[in-house]
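The values are calculated or read from the model by the stated rules, or taken from the named source; none is laboratory data. Note that the structure is predicted; figures quoted are calculated from it, not measured. FYI the Cβ positions are ideal-geometry reconstructions off the backbone, even for glycines, and counts take in every protein chain you see. These area figures cover heavy atoms from the full protein model, side chains too; ligands, DNA and RNA do not enter into them. Shrake-Rupley method; radii C 1.70, N 1.55, O 1.52, S 1.80 Å.
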Amino acid sequence: MVTSASYSITVRLTADGDPASIGRIATAVGSAGGAVTAIDVVDSRSDGLTVDVTCSAADAAHSEEVVTALRAVEGVTVRKVSDRTFLLHLGGKLEVASRVPLKTRDDLSMAYTPGVARVCLALADNPDDVRRLTIKGNTVAVVTDGSAVLGLGDIGPGASMPVMEGKAALFKRFADIDAWPIALDTQDVDEIVRTVELIAPGFGGINLEDIAAPRCFEIEARLREKLDIPVFHDDQHGTAIVVLAALRNALRVVDKRLEDVRIVVAGGGAAGTAIVHLMLQAGARHVLVWDREGILSPDDERLSPAKRDLAQRTNPDGRRGELPDALVGADVFVGVSAANVLPVAALAGMNERAVVFPMANPTPDVDPVGARQHAAVVASGRSDLPNQINNVLAFPGVFRGLLDARAREISDGMLLAAAEAIAGVVTDDQLNANYIIPSVFDPAVTPAVAAAVADQARQEPGATAPVGSAEDVTG
């Protein structure tokens with residue numbers, strides 16, 4: 001079993017005075033398949049020890065198996081079990097901090113009344129300066145209705161908050177952007193659009209998150225039309241950017257061209273639609289999409305309007321069949337559908353030097369380890385395997401670039417620029433089948449993406465707001 005810090009527990013227990021007790025404790029964890037990461041002595045007395053044993057497990061049930069094994073150790077009593085992931089979330093993961101000192105009367109008179117009134121009046125006269133003189137210039141709203149959270153589905157706005165807080169924390173960690181979770185207690189498109197429209201003056205960008213398809217398509221389109229700040233649906237465009245970046249480098253490894261390869265995408269929802277769109281914009285010419293209805297065909301009356309549009313763009317000849325049929329003669333498989341929808345053996349029908357990206361979360365569409373039997377390059381969303389395709393590579397840098405350029409909108413050109421920047425971080429000397437995409441902790445990623453997006457934004461007429469000089473602010 002592959003253990004993970006996501007299922008890490010700390011067990012407080014007491015052990016008798018036998019010097020071999022610690023060894024028996026570690027052995028018990030190992031025999032249950034767990035991994036000991038720390039043993040800390042809390043209290044030591046002549047008759048025994050109190051220790052905290054920290055260990056990781058494969059899942060929640062496995063954690064309980066580890067505890068059961070510890071309870072069975074002779075001379076050991078389990079006192080308390082703490083789930084480290086839940087402990088980390090106590091009180092939430094975000095806080096608000098002041099960027100200015102508030103220690104004296106002078107501080108207060110400038111940061112608040114009466115001095116603040118002068119700034120307010122200046123902004124009333126020059127609304128474009130709001131981006132420079134308030135947090136708007138560095139703030140993003142992370143908006144969800146809780147309808148498609150991770151792989152958990154429609155769990156509601158309250159239950160979505162830990163994910164939205166995590167997203168905001170990633171914005172800060174990787175791009176020094178102040179983001180805030182906005183969880184809306186409605187799934188009505190009109191209400192969501194109007195609510196975001198009303199709060200938009202306080203933000204420099206809107207990041208839509210975990211909103212189910214096809215509702216997310218309409219929400220994004222309407223907000224982009226109404227707002228003068230960029231609107232980005234990360235489940236769609238963040239995923240598409242990183243997939244395209246990974247695919248560009250994978251094709252370099254197998255010596256194939258994007259315009260020549262045959263691509264199959266499993267999943268016609270938000271992520272799949274955006275991936276296909278960006279691939280087509282980048283030059284792909286042969287794409288098929290599969291979903292629960294089979295290969296999406298424009299003459300299939302069962303399809304929703306969004307899926308029919310996708311079918312018309314990818315399958316004008318009306319090819320029909322199931323996922324293994326689509327893979328015969330294909331060069332690339334991209335999975336954003338559901339766990340284990342494809343047996344490993346079906347990959348044998350693909351062309352030589354195939355590229356396989358199973359990214360369904362949390363369990364991939366096809367076993368990525370088994371896929372290596374049939375593919376030259378394999379990437380997935382898993383952090384415990386090479387080539388992790390992770391949206392963190394994209395959205396912090398994308399928004400950093402948008403905010404730096406004072407962008408009013410986001411375009412396909414900016415998305416393509418972001419993908420090229422991520423791919424370019426991997427040098428020719430580094431590139432190989434097990435390293436087609438940089439680590440999320442590579443410090444070069446966010447600056448490269450931000451610069452590429454900002455440069456592209458400034459080249460597109462009307463995409464950015466006017467920029468004044470310092471003298472305009474200080475008078």
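For the reader, a short list of remarks on this structure follows.
Residues are listed down the side, and each one gets a yes or a no for (1) open to solvent by less than 20 Å² (accessible area, probe 1.4 Å); (2) without any contact (Cβ under 8 Å) to a residue 60 or more places away in the chain; (3) among the aliphatic types (A, V, I, L, M):
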residue: G397; (1), (2), (3): yes, no, no
residue: G401; (1), (2), (3): yes, yes, no
residue: D429; (1), (2), (3): no, yes, no
residue: F441; (1), (2), (3): no, yes, no
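- Any hit, region 377-390, residues being over 21 Å from T239 (Cα atoms) and surrounded by 24 or more Cβ atoms within 10 Å (Cβ to Cβ): no
- I229 being under 17 Å from I410 (Cβ atoms) and surrounded by 23 or more Cβ atoms within 10 Å (Cβ to Cβ): yes
- On inspection, A284 qualifies as among the aliphatic types (A, V, I, L, M), at pLDDT 95 or above and either crowded, with 17+ Cβ neighbours inside 10 Å or farther than 22 Å from A148 by Cβ (or both).
- Within region 292-310, being in a strand (DSSP E or B) and modelled with pLDDT under 90 holds for no residue.
- Hits in region 343-370 (condition: under 26 Å from R252 (Cα atoms) and out of contact with any strand residue (DSSP E or B) (no Cβ under 6 Å at 6 or more places or on another chain)): V344, A345, A346, L347, A348, G349, M350, N351, E352, D367, V369, G370
- Some residue of region 247-257 being among the acidic types (D, E), at negative phi and surrounded by fewer than 24 Cβ atoms within 10 Å (Cβ to Cβ): no
- Screening region 1-94 for helices (runs of 4 or more DSSP H) wholly inside it with 1 or more residues that are open to solvent by 50 Å² or more (accessible area, probe 1.4 Å), in contact with a Leu (Cβ under 9 Å, 6 or more places away or on another chain) and of a type in the set (V, I, T) returns the ranges 21-31.
- Any pair with Cβ under 7 angstrom, 6 or more apart, that starts in region 61-83 at a residue that is closer than 16 Å to A5 by Cα and ends at one that is part of a strand (DSSP E or B) and not aliphatic (A, V, I, L, M): H62/Y7; S63/Y7; V66/C55; S82/T10
- Listed by position, the helices (runs of 4 or more DSSP H) enclosed by region 369-475 that each have at least 3 residues that are among the small types (G, A, S) are 412-425, 445-459.
- Selection from region 392-426 of residues that are over 12 Å from A246 (Cβ atoms) and within 13 Å of the chain's Cα centre (by Cα): V392, F395, P396, G397, V398
- Any helices (runs of 4 or more DSSP H) falling wholly within region 197-282 and containing at least 1 residues that are under 30 Å from A375 (Cα atoms) and not charged (D, E, K, R): 239-254, 270-282
- Close contacts from region 268-285, counting a first residue that is in contact (Cβ under 8 Å) with a residue 60 or more places away in the chain and a second that is in a loop (DSSP other than H, G, I, E, B), with Cβ to Cβ under 7 Å and a gap of 6+ residues or different chains, come to G269/A213; A270/A213; A271/V336; G272/V336; I275/V336; A282/L258.
- Residue in region 325-348 that is nearest to the chain's Cα centre (by Cα), counting only those that are part of a loop (DSSP other than H, G, I, E, B) and over 19 Å from A376 (Cα atoms): V336
- Across region 210-248, the qualifying residues are those that are charged (D, E, K, R) and touching a residue at least 60 places away in the same chain (Cβ under 8 Å), and the one among them that is nearest to R131 (Cα to Cα) is D228.
- One residue stands out in region 452-467 among those that are within 17 Å of R131 (Cβ to Cβ) and open to solvent by 30 Å² or more (accessible area, probe 1.4 Å): the one that is modelled with the highest pLDDT, namely R458.
- Failed item in (1) in contact with a strand residue (DSSP E or B) (Cβ under 8 Å, 6 or more places away or on another chain); (2) in contact (Cβ under 8 Å) with a residue 60 or more places away in the chain; (3) open to solvent by 20 Å² or more (accessible area, probe 1.4 Å), with A306 passing the rest: (1)
- If the condition is being outside any helix (DSSP H, G or I) and open to solvent by 30 Å² or more (accessible area, probe 1.4 Å), then region 152-181 contributes L152, D154, I155, D176, D178, W180.
- H277 being open to solvent by 20 Å² or more (accessible area, probe 1.4 Å), in contact with a strand residue (DSSP E or B) (Cβ under 8 Å, 6 or more places away or on another chain) and either within 19 Å of L393 (Cβ to Cβ) or of a type outside the set (K, R) (or both): no
- Within region 183-196, being among the hydroxyl-bearing types (S, T, Y) and in a loop (DSSP other than H, G, I, E, B) holds for one residue alone: T186.
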